[in-house]
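**Q** Below you will find the structure I want to go over with you.
Bear in mind these aren't lab numbers, they're just calculated from the coordinates by the rules spelled out. In this text the structure is predicted, and so the values were computed from the model without any measurement. In this analysis, Cβ positions are derived from the backbone assuming ideal geometry, glycine residues included, and neighbour counts consider all displayed protein chains.
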Amino acid sequence: MDLQRKEFTIEIGGKTLKLETSILAEQANGAVLGTYGDTAVLVTAVMGKKDRTGIDYFPLTVDYEEKFYAAGKIIGSRFIRREGRPSEEAILNGRLVDRSIRPLFDHRIRRDVQVVVTVLAIDEENDPDFVGLICASAALAISDIPWNGPIAGARMSKMNGETIINPTHKQRDVSILDVFVSGTKDRINMIEAGAKEIGEDGFVSVVKAAHEEIKKLVEFQERMAKEIGSKKTTVGLKEIKPGLVSAVRDFAKTKLEEAVYADKKSRTDKLDALKEGLAHHLAEKEFNEEDKKESFRILDEEISQLVHRNIIEHERRPDGRKLDEVRPIHAAAGLLKRTHGSGLFIRGNTQALSITTLAAPGQEQMVETMEITTKKRFLHHYNFPPYSVGETGFFRGPGRREIGHGALAGRALQPLIPDTKDFPYTIRVVSETLSSNGSSSMASVCAGSLSLMDAGVPIKKPVAGIAMGLMSETGQYKILTDIQGPEDHYGDMDLKVAGTRDGITAAQMDVKIEGLTPEMLEEALVQAKKARLEILEKITAVLPAPRPELSPYAPRVIVLFINPDKIREVIGPGGKVINEIIAKTQTTIDIEQDGQVYVTGTDEKMVGQAINWIKDIAREFQVGEVVEGTIVRVMDFGAILQISPRHDGMIHVSEIAPRHVSRVEEFLRVGDTAKAKIVKIDPETNRISLSTKQFH
């Protein structure tokens, strides 16, 4: 069968990226199969046939489908051997694609658009997220779906002074910067980064290098779309009834300033009252219910224009702050006495409470995905309950927002977490958003730092985060520090930057416009650093360094080393020995293959007992060593000396005394304490031969 293949190739990062179209998934509006190395990704783009009525948003969905066969794995429980809900990694990769392509749609479209990224094969070196994004852009570009792309993206790492394009997992792990950048030929519209305290200049230089690769990839797709692309469908855009815009403006023009320029609670109440009054006003003018719904969107646009105009022309923000001013801050630590550590961070109306829990090394999270199988010893989880924004709602587990924000804050704190050898604990930080009015994820970074230090985790430095905004109009723009409510909702950018005094540890950027130039990004990062340093001063004023002692309620972990050959003896047949130690000492014991043993417990006495027990089992005796023990058995040819609870040795009659011994009982009796020297250890049976000659 003729698959009608058409292939397009380009060299990126020293490797060939191949995009292919064929009759595969031919019923989709657009479908592209991409390969990079041996990693293969299929992306489809489909648009619904009809407009959806009664909705006030553009219905775009992006699904990132991990298939375990792509890695040659069968993953899951014994009873469910198939893919279930997406992993956190899949959700984050889906968000990466979504955040890159969404700004280039006309949001007046009311037809469903679904982009599905299906990972077919991975080679464990080349990330499918890079291939997936390029294929998503290409699929939309060659389809008949209206879209203002193409866009492209590139992952970059910085190591040993070198910038690497699309690094391998191993290179990413040791790099000082791991950043994914996407955008158009002219602008950058999405950033996702983790770093080890990189400076702003270094960060921007890598982003600029990424943008050069993006330009090549966009031009590559443009050539592809020109050759095989379909004519874009003309879809109906949300139309506004003549006279409705003027009716809304006439009603609201004298009321908007008072409603918008107020504190959050007053603003919410005044805007609700304004909408109620507007609905009544339109009813009097005989507009229908559908018009009333549309009027709220028009009102929203009027507010957006007002906020933009006042900031760009007059540098006037809704709450009266200067453009680079941070809202009032309050910080506290040690609020909850029974938890291992707690920190509270308040910035304006945004409040984050973070709680740290310490556990045994064996409590690490096993991460088994299509791409990697590993363990995580530092976990950060973020919660956003409905009451944080004054609403009711269901608690159905973490959604994409919670997972994305939690991963960002965790990435910001990760570089400062001590190594296992310095602090052998599994660490979990949970950040509860108690109130939200802009950048609760960055507040959770600040609260997380306080919580970790309160728990006595020896983090190298505290971390703080800040959210930056942008208002732009035809060549003019203003950058805002610490955006809240209206600035977040109506603004053109959400740039979150976290780091220490010495550099950036995480960054994330989304836009609602085409994007930013590198110069605009650099200006925003410099302004963000100023705010970050101010916040760090507030944090260190509350708690300048990690507490020297752990909470009395936190477990203690003691590390010891045994000969790996002794591990089997410590575990015992079927785990009998180690389970007995755990049960009788009420501890947790984790043993590594290299002989490291971690004993964890809240009772120091019990921990000590467990350690002595393990030491005794794993003890290795040496010829010439002097030992002491108790005689447990006497025979005609000698005596048995117990030199530890699990070891004993034979004292032959000829080794009891320096002269002839006719009766053993003359020198050694059951229950006697005796010293002896080890004279021989049988290499096959480990039987120990002892001598007491020199002690008689």
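**Q** Share of antiparallel DSSP beta bridges in the chain, in percent to the nearest 5?
**A** Antiparallel bridges make up about 90 percent of those DSSP assigns within the chain.
**Q** Charges only on Cβ, +1 for Lys and Arg, -1 for Asp and Glu: so what's the dipole of the stretch 244-314 about the Cα centre, in debye to the nearest 20?
**A** So the dipole magnitude of the stretch 244-314 works out to roughly 240 debye.
**Q** Here is a further query. I want to check the label-to-label distance for GLU580 and VAL245. Put each point 7 Å from Cα in the C-beta direction and report it in nm to one decimal.
**A** Distance between label points: 8.5 nm.
**Q** Which of SER662, SER342 comes first, and how do the rest follow, when ranked by fewest Cβ neighbours within 10 Å?
**A** SER662, SER342
**Q** Loop sites only, by DSSP: take the GluC sites (Glu not before Pro) in the chain that have at most 16 other C-beta atoms within 10 Å and name the longest stretch containing none of them.
**A** 392-548
**Q** Could you tell me which label, among [x] -0.48, -0.74, -0.89; [y] -0.42, -0.73, -0.89; [z] -0.36, -0.66, -0.85, carries the value of log10 I(q)/I(0) by the Debye sum over Cα atoms at q = 0.06, 0.08, 0.09 Å⁻¹ calculated for this structure?
**A** Read-out from the structure maps to [x].
**Q** Additional query: What would the Debye equation give as log₁₀ I(q)/I(0) for the stretch 481-588 at q = 0.24 Å⁻¹, counting only Cα atoms as equal point scatterers?
**A** Log10 I(q)/I(0), no solvent term: -1.32.
**Q** Using helices alone, what [θ] at 222 nm do you get for the chain, with -39,500 (n - 2.57) per DSSP H run of 4 or more residues, divided over all residues and rounded to the nearest 500?
**A** Estimated from H runs of four or more residues: -10000 deg cm²/dmol.
**Q** Hey, with R₀ at 41 Å, roughly what FRET efficiency would GLU290 and GLU313 work out to, going by the Cβ-Cβ distance, to 0.05?
**A** 0.75
**Q** May I ask you to give the average projected area over all directions of the convex hull of the Cα atoms of the stretch 381-487, in nm² rounded to one decimal?
**A** 8.7 nm²
**Q** Also, quick follow-up: Taking the Cβ of each residue in MET606, MET442 as the centre, tally the other Cβ atoms inside 10 Å and list the residues starting with the fewest.
**A** By the 10 Å Cβ count, ascending: MET606, MET442.
**Q** Jot down the per residue volume, in cubic angstrom and as a whole number, of the convex hull over the alpha-carbon atoms of the stretch 6-228.
**A** Per-residue hull volume (Cα only) is 144 Å³.
**Q** Could you tell me how many degrees, from 0 to 90 and to the nearest 10, lie between the Cα long axis of helix 289-314 and the main elongation axis, the longest principal axis, of the Cα atoms of the chain?
**A** Between the helix axis and the principal axis of the chain, the angle is about 80 degrees.
**Q** Taking only Cα atoms, what is the 0 to 90° angle, nearest 10, from helix 128-142's long axis to the longest principal axis of the chain?
**A** It is inclined by approximately 20 degrees.
**Q** While we're here: Placing +1 on the Cβ of each Lys and Arg and -1 on the Cβ of each Asp and Glu in the stretch 1-108, which of GLY54, VAL97, LEU17 has its Cα farthest towards the positive end of the resulting dipole?
**A** So the residue furthest toward the plus end is GLY54.
**Q** Still on this model: Might you report the magnitude of the Cβ-based charge dipole of the stretch 307-465 about its Cα centre, with Lys and Arg at +1 and Asp and Glu at -1, to the nearest 20 debye?
**A** For this selection, approximately 100 debye.
**Q** Rounded to whole Å and sorted largest first, list the principal axis extents of the Cα atoms in the stretch 270-318.
**A** Dimensions of the stretch 270-318 along the principal axes of its Cα atoms: 39, 17, 13 Å.
**Q** Moving on to the next point. In debye to the nearest 20, how big a dipole does the chain give about its Cα centre with +1 on each Lys and Arg Cβ and -1 on each Asp and Glu Cβ?
**A** My answer is approximately 1120 debye.
**Q** On to the next question. Sort out for me the Cα centre separation of the stretch 578-605 from the stretch 20-37, rounded to whole Å.
**A** Taking the Cα centre of each part, the stretch 578-605 and the stretch 20-37 sit 54 Å apart.
**Q** Pull up all non-local amide H partners of GLY13: gap of 5 or more, or a different chain, and H-to-H distance under 5 Å with H placed in the peptide plane.
**A** none
**Q** Just to check I understand the Karplus step: with θ = phi - 60° and J = 6.51 cos²θ - 1.76 cosθ + 1.60, what whole-Hz values come out for the stretch 270-286, glycine and proline as x?
**A** 5, 5, 4, 5, 5, 5, 5, x, 5, 4, 5, 4, 5, 5, 5, 8, 6
**Q** Along the charge dipole of the stretch 244-314, which of HIS314, LEU271, SER295 sits closest to the positive end, that is, farthest toward it, with unit charges on the beta carbon of Lys, Arg, Asp and Glu (+1, +1, -1, -1)?
**A** Looking along the dipole axis, the top candidate is HIS314.
**Q** Suppose we keep just the alpha-carbon trace of the stretch 626-695; what are its Rg and Dmax in angstrom?
**A** My reading of the Cα-based Rg and Dmax gives 11.0, 33 Å.
**Q** Could you derive backbone 3J(HN,Hα) for the stretch 590-607 from the dihedral phi with the Karplus parameters 6.51, -1.76 and 1.60 (θ = phi - 60°), listing whole Hz in sequence and x where the residue is Gly or Pro?
**A** With coefficients 6.51, -1.76 and 1.60, one gets 10, 10, 8, 5, 7, x, 6, 10, 10, 10, 10, x, 8, 9, 4, 5, 5, 4 Hz.
**Q** Run through the stretch 60-112 and list the chymotrypsin sites (Phe, Trp or Tyr not before Pro) located in a DSSP loop whose Cβ has at most 10 other Cβ atoms within 10 Å.
**A** PHE79
**Q** May I ask you to evaluate 6.51 cos²θ - 1.76 cosθ + 1.60, the Karplus curve with θ = phi - 60°, for each residue of the stretch 639-653 and list the ³J(HN,Hα) values in order in whole Hz, giving x for glycine and proline?
**A** Once rounded to whole Hz, the list reads 9, 9, 10, 7, 9, 6, x, 10, 9, 9, x, 9, 9, 5, 4.
**Q** Can you list residues from other chains, or at least 5 along the same chain, whose modelled amide H is less than 5 Å from the amide H of ILE643?
**A** For ILE643, the qualifying residues are ASP648, GLY649.
**Q** Which number comes out as Rg/Rh for the stretch 223-310 once both Rg and the Kirkwood Rh are worked out on C-alpha atoms?
**A** When Rh is taken as the Kirkwood radius, the ratio is 1.19.
**Q** P(r) for the stretch 329-542: what percent of alpha-carbon pairs falls in each 5 Å bin, starting at zero?
**A** Final binned percentages: 1, 7, 15, 19, 19, 16, 11, 8, 3, 1, 0, 0.
**Q** Okay, moving on. Residues with amide H under 5 Å of ASP672's amide H, sequence separation 5 or more or different chain, H placed in the peptide plane at 1.01 Å from N; which?
**A** HN-HN under 5 Å from ASP672: ILE631.
**Q** Could you tell me which residue out of VAL245, ILE165, SER205 lies farthest along the dipole of the stretch 152-311 toward its positive end? Charges go on the beta carbon: Lys and Arg +1, Asp and Glu -1, centred on the Cα centre.
**A** Towards the positive end, the residue furthest out is ILE165.
**Q** Next question, about the same structure. How far is helix 88-101 tilted off the main Cα axis of the chain, in degrees rounded to 10, range 0 to 90?
**A** 20 degrees
**Q** Express as a percent, rounded to the nearest 5, the fraction of DSSP beta bridges in the stretch 329-542 (both residues included) that run antiparallel.
**A** 90 percent
**Q** Which order results if TYR387, TYR382 are arranged by neighbouring Cβ count within 10 Å, fewest first?
**A** Final ranking by Cβ density, sparse to dense: TYR387, TYR382.
**Q** Could you give the length gained on full extension between GLU620 and TYR57, defined as 0.36 nm per residue of separation minus the Cα-Cα distance, in nm?
**A** 195.5 nm
**Q** Moving on. Return the lysines within reach of LYS231: Cα separation strictly under 24 angstrom, same-chain partners fewer than 8 residues apart disregarded; answer none if there are no such residues.
**A** Qualifying lysines at Cα under 24 Å: LYS6, LYS18, LYS49, LYS50, LYS185, LYS215, LYS216.
**Q** What is the calculated FRET efficiency for GLU257 to ALA332, with r their C-beta to C-beta distance and R₀ = 45 Å, to the nearest 0.05?
**A** After rounding to 0.05, the efficiency reads 0.80.
**Q** Let me ask you something else. Based on alpha-carbon centroids, what's the gap between the stretch 419-498 and the stretch 303-375 in Å, whole number please?
**A** 4 Å
**Q** Here's a follow-up. Specify the inter-centroid distance of the stretch 235-293 and the stretch 637-696, based on alpha-carbon positions, in whole Å.
**A** Their Cα centres are 99 Å away from one another.
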